[in-house]
Number of protein chains: 2
Amino acid sequence: MSATRPEPTFDVVGIGNAIVDVMAPADDATIEALGMARGGMTLIDTDRAHELYAAMGPAKEISGGSAANTLAGLAGLGAKCVFIGQVADDQLGEVFAHDIRATGIRFDVAARPGDPPTARCLIFVSPDGQRTMNTYLGASQFLPAKALDEALIADASILYLEGYLWDPEEPRAAMKKAIAAAKVAGREVAFTLSDAFVIERHGDDFRALIDAGDIDILFANEVELRALTGDQDFEAGLAKLAPKVPTLVVTRSEKGAVGISGETRAQVLAEPIDHVVDTTGAGDMFAAGFLYARVKDMRLDQCLHAGAVCAREIISHYGARPEADLKALLAEKLG
Amino acid sequence: MSATRPEPTFDVVGIGNAIVDVMAPADDATIEALGMARGGMTLIDTDRAHELYAAMGPAKEISGGSAANTLAGLAGLGAKCVFIGQVADDQLGEVFAHDIRATGIRFDVAARPGDPPTARCLIFVSPDGQRTMNTYLGASQFLPAKALDEALIADASILYLEGYLWDPEEPRAAMKKAIAAAKVAGREVAFTLSDAFVIERHGDDFRALIDAGDIDILFANEVELRALTGDQDFEAGLAKLAPKVPTLVVTRSEKGAVGISGETRAQVLAEPIDHVVDTTGAGDMFAAGFLYARVKDMRLDQCLHAGAVCAREIISHYGARPEADLKALLAEKLG
C-alpha cells in the first residue's frame, strides 16, 4: 500500500476451498462411535463421506470454506472482495457460487465439468457448540494456476490465503503464483495456517515463506503456533515467530487473541456470549474483522477487537456465514 | 381403525412433494420489486427460478415439502411414518432423501434419472417471519402411480395427502389410487388443502372427494375454507363444511385453530411466542402435532393443543423441519 502504487480496486482477494457445509447436531457418543476426532478437521474420501453422511442426522446445507467465510464477513462489513476457488459444475457448486456472489463478492472461476463433485464438509456440531469437521475436497483441490488473474491479485490491497489449500498440489502452485504477483505489485499477503495437520505436512514450506518475508500478516491459533514453532510454551512460541512476520495474530478461543506488530503488542478478550451455538467459522470471522479494520488503517488493538466482535456473531448461530448486520455491529462496538 | 382390522405397522403414510427449501431473508421492498405476492405460494418455471435465485441473498438449503415436513414432525414425536414422493437423481435429491431417512422415516421411491432436477422452493423470509414461496416442482410432479405400494398404504393408520400435489397429473392419479387403497383397508384419509390456488383449480375434485366420504380429516386455513365453501363468513363456512367431514380442522395463524368432529367443537389459541423468526411450515407442523395426538387417541381439544405446540416450535427458527425435541415439548405441555 505504498503511496506510489495506484489505489487498488479491491480490498481483499482470497484464495481458498470452495466448500458447502453440511451441518447437523450430534452428541459426543456419536462422534466417538464414528471414530472422529472431536473438534478436529479430517480430510475424507468418497467412501468415508458416504459412511458419515449416512450416520448423520437431518442436516442443513450452508456455504462454507475458510477463506470464503472470511470474505463473506469482509463483504458484510463493506469491503470489496474477490474470491478464487474451484467448484464443480453441479448443484452444490451452483449453491456455493450463488451464495458468494449474493454477498457482493466477485467470483469468476468457471465451474469444473465432470467428476469429482463440489467439495463438502460434513460438520457434526456438539451440544456445547464444538464442531467436528470432515472435508471431502472434491473439485476444490483442482483449482488450476491458470485460474489466477495476476492483474486482479495486483488490484487488491491484501491477498488472503488459506493454509488448507496448500495441501493439494494444483492450488499450491496457484497460491505461489499469487504470492509472487502480490509481492511484485507491492500488496500485503495475509496467510492463515488453518490446521495443525497442514503444518505437519507443509511446515517447511510455511517456514520458508515466512523467512523469505513473503507473509505480512500471519493468522494462527495456539495449536498451530505450537506446531509451527515447536515450542510448547505460548510466550516462547510468540517470541520465536513474531520477529519474522510484520504482523502476527494468534487466536485463543475463549481466551481471546494476541497481536504483535513490530514493537506493538495488543490483546483482546473474547466478546462475552450467553450461549455458544456452533463454533464453525469462528477463526474465519475473526480474520474478517481483523482484516477489515486493517484495511481501514485502524490500530492493532482495534483490529483485534473487530475480530472478536465478528467471531462472536458467528458462534451465536448455526453456520459459518454471518447472519447479522456486521457493519452495524462493528460500528456499535468500535464506534 | 376398526377392531377387526389387523394392527397397522405404520402410524402415517404421507404423499407429497419432495422439495428442498432454499431460504434467505428479504425485505418487503425486494419482494415487491420481484413481483411476488407476499405470504403466498407461486409455482415457477425454470427461467423464473433462475431470475429469483439470482436476486436472492445468501441462502440456506433445508429439506422441505408440506407433507414431508409433517412427517418429519410426526417422526420427531415418535410416530412410525412412510413418505412417498419423487426426487431426481441429483445432489438435492440426495439431500432430501438423506434428511427424510435421517429422521427415521421410511422412504423407498427411487430417484428419477435425468431432467428435470429435484424440486426446490425459493423462500423469501420477511423481517416479521412471513414467508413468500416460489416453487419449482421439477421431478416432484412426476411421481408415478406405480411408485405406490398399496400394501404399504393399507399398513398405516392414516394416509396423509398434500393438496399441492393434486395439481400435477401423475401424482393426482397416484393419490386417487392411494385413497382407494386406504379405504379398502379401512384406514383414515387425512387431507390438507394446502393453498387457495389449488382449490381454484381443483375445488370440484375436492368437493367430490368430500361428498363421497373419502376424506376423514380435513385440514384447511381460513383462506382455504373460504375458497372451498365460497362463504366469506368464517362461521358460515364452518357450518357448511363440518357436516361433510368426520373431522374438520381450520388453522387461523395467530388466532389459533378450530376443530369440529361430529357434535364436538373445540378450539385452541396459538401458543405464545416472543419473536416469530420464520413461519415456513407452521401449518405442516400443526398437522404433525394434531395427527400424532389423533393416532394416540387423544381428545379433539388435545389434538388441537398438540398442533399448536408443534407449530410454535417451527416458527421460532429458520426452516420447516423441527429442531427441538418435539416429544419432550409435547410431554411438557400436554402432560
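Does B:Ala59 satisfy the criteria of being of a type in the set (A, V, I, L, M, F, W, C) and more than 25 Å from B:Phe219 (Cβ to Cβ)?
For B:Ala59, the condition - of a type in the set (A, V, I, L, M, F, W, C) and more than 25 Å from B:Phe219 (Cβ to Cβ) - is met.
Run A:Trp166 past the list (1) surrounded by fewer than 23 Cβ atoms within 10 Å (Cβ to Cβ); (2) closer than 27 Å to A:Asp21 by Cβ; (3) over 17 Å from the mean Cα position of the chain (by Cα) and report the number of the one that doesn't hold.
It is condition (3) that A:Trp166 fails.
Kindly provide the set of residues from the stretch A:175-213 that are part of a loop (DSSP other than H, G, I, E, B) and buried (at least 17 other Cβ atoms within 10 Å of the Cβ), ordered by number.
Start the filter on the stretch A:175-213 by keeping residues that are part of a loop (DSSP other than H, G, I, E, B), which leaves A:185-187, A:193-195, A:212-213.
Within the stretch A:175-213, A:Ala185, A:Arg187, A:Leu193, A:Ser194, A:Asp195 qualify.
With (1) within 15 Å of B:Ala145 (Cα to Cα); (2) in contact with a Gly (Cβ under 9 Å, 6 or more places away or on another chain) as the list, and B:Asn221 as the residue in question, which single condition is left unmet?
B:Asn221 satisfies all of (1) within 15 Å of B:Ala145 (Cα to Cα); (2) in contact with a Gly (Cβ under 9 Å, 6 or more places away or on another chain) except (1).
Is it fair to say A:His275 is under 19 Å from the mean Cα position of the chain (by Cα), in contact (Cβ under 8 Å) with a residue 12 or more places away in the chain and surrounded by fewer than 24 Cβ atoms within 10 Å (Cβ to Cβ)?
No, not satisfied.
Hey, among A:Ala79, A:Ala75, A:Ala67, A:Ala88, which residue is modelled with pLDDT of 95 or more, of a type in the set (A, V, I, L, M, F, W, C) and surrounded by fewer than 24 Cβ atoms within 10 Å (Cβ to Cβ)?
Testing whether each residue is modelled with pLDDT of 95 or more, of a type in the set (A, V, I, L, M, F, W, C) and surrounded by fewer than 24 Cβ atoms within 10 Å (Cβ to Cβ) leaves just A:Ala79.
Being more than 18 Å from B:Leu326 (Cβ to Cβ), touching a helix residue (DSSP H, G or I) at 6+ places or on another chain (Cβ under 7 Å) and of a type outside the set (Phe, Trp, Tyr): is that true of B:Ile260 here?
Values: more than 18 Å from B:Leu326 (Cβ to Cβ): yes; touching a helix residue (DSSP H, G or I) at 6+ places or on another chain (Cβ under 7 Å): yes; of a type outside the set (Phe, Trp, Tyr): yes.
Here the answer is yes, as B:Ile260 does meet what is asked.
Please find, within the stretch A:109-152, the residue that is modelled with the highest pLDDT out of those that are more than 17 Å from the chain's Cα centre (by Cα) and among the basic types (Lys, Arg).
Taking the candidates together, the pick is A:Arg112.
Hey, among the residues in the stretch B:114-126 that are more than 10 Å from chain A (Cβ to nearest Cβ) and within 20 Å of A:Glu61 (Cα to Cα), which one's surrounded by the most Cβ atoms within 10 Å (Cβ to Cβ)?
Among those residues, the one meeting the criterion is B:Ile123.
Just to be sure I understand the filter: pairs with C-beta atoms under 7 Å, separated by 6 or more residues or on different chains, first member in the stretch A:169-186 and closer than 16 Å to A:Gly85 by Cβ, second member of a type outside the set (A, V, I, L, M, F, W, C) and surrounded by 17 or more Cβ atoms within 10 Å (Cβ to Cβ). Which pairs pass?
A:Glu170/A:Gln141; A:Pro171/A:Gln141
Count, please, the residues in the stretch B:76-87 that happen to be within 14 Å of another protein chain (Cβ to nearest Cβ) and either under 22 Å from B:Ala173 (Cβ atoms) or of a type outside the set (Gly, Ala, Ser) (or both).
Count: 3.
So which residues in the stretch B:40-58 are over 17 Å from B:Thr280 (Cβ atoms), touching a residue at least 12 places away in the same chain (Cβ under 8 Å) and of a type in the set (Gly, Ala, Ser)?
Correct list: B:Ala49, B:Ala55.
Take the residues in the stretch B:297-326 that are more than 14 Å from chain A (Cβ to nearest Cβ) and surrounded by fewer than 15 Cβ atoms within 10 Å (Cβ to Cβ), then tell me which one is nearest to B:Val250 (Cα to Cα).
Applying the filter and picking the extreme gives B:Arg299.
Within the group A:Asp11, A:Asp21, which residue is within 14 Å of chain B (Cβ to nearest Cβ), of a type outside the set (Gly, Ala, Ser) and under 22 Å from the mean Cα position of the chain (by Cα)?
That would be A:Asp21, the only listed residue that is within 14 Å of chain B (Cβ to nearest Cβ), of a type outside the set (Gly, Ala, Ser) and under 22 Å from the mean Cα position of the chain (by Cα).
Quick one: is B:Asp204 farther than 22 Å from B:Val109 by Cα, more than 19 Å from the chain's Cα centre (by Cα) and free of Cβ contacts under 8 Å to residues at least 40 places away in the same chain?
Working: farther than 22 Å from B:Val109 by Cα: yes; more than 19 Å from the chain's Cα centre (by Cα): yes; free of Cβ contacts under 8 Å to residues at least 40 places away in the same chain: yes.
So B:Asp204 passes the test.
Take the residues in the stretch A:88-108 that are under 20 Å from B:Thr118 (Cα atoms) and under 18 Å from the mean Cα position of the chain (by Cα), then tell me which one is nearest to the other protein chains (Cβ to nearest Cβ).
Here the answer is A:Asp99.
Identify, by number, the condition in (1) on the phi < 0 side of the Ramachandran plot; (2) in contact (Cβ under 8 Å) with a residue 12 or more places away in the chain; (3) touching a strand residue (DSSP E or B) at 6+ places or on another chain (Cβ under 7 Å); (4) within 14 Å of another protein chain (Cβ to nearest Cβ) that B:Ala72 doesn't meet.
B:Ala72 satisfies every listed condition except (3).
Before we move on, is B:Asp27 of a type in the set (Asp, Glu), surrounded by fewer than 16 Cβ atoms within 10 Å (Cβ to Cβ) and either within 13 Å of chain A (Cβ to nearest Cβ) or out of contact with any helix residue (DSSP H, G or I) (no Cβ under 9 Å at 6 or more places or on another chain) (or both)?
For B:Asp27, the condition - of a type in the set (Asp, Glu), surrounded by fewer than 16 Cβ atoms within 10 Å (Cβ to Cβ) and either within 13 Å of chain A (Cβ to nearest Cβ) or out of contact with any helix residue (DSSP H, G or I) (no Cβ under 9 Å at 6 or more places or on another chain) (or both) - is met.
Residue check: is A:Ala111 of a type in the set (A, V, I, L, M) and within 11 Å of chain B (Cβ to nearest Cβ)?
no
Hand me the list of helices (runs of 4 or more DSSP H) wholly inside the stretch A:220-335 holding 1 or more residues that are in contact with a Lys or Arg (Cβ under 6 Å, 6 or more places away or on another chain) and among the hydrophobic types (A, V, I, L, M, F, W, C). Before you say what the answer is, go through the steps one by one.
On the way: elements: A:222-229, A:234-241, A:282-295, A:300-315, A:326-334.
The qualifying helices (runs of 4 or more DSSP H) are A:300-315.
Restricting to the stretch A:147-174, name every residue that is within 17 Å of A:His202 (Cβ to Cβ), acidic (Asp, Glu) and assigned to a loop (DSSP other than H, G, I, E, B).
Selection gives A:Asp167 alone.
Filter the stretch B:55-67 for residues that are touching a Lys or Arg at 6+ places or on another chain (Cβ under 9 Å) and within 11 Å of chain A (Cβ to nearest Cβ) and give the result.
Listed by number, the residues that qualify are B:Pro58, B:Lys60, B:Glu61, B:Ile62, B:Ser63.
The values are calculated or read from the model by the stated rules, or taken from the named source; none is laboratory data. Because the structure is a prediction, the values reported are computed rather than measured. Virtual Cβ from ideal backbone geometry, glycine too; neighbours counted across all protein chains shown.
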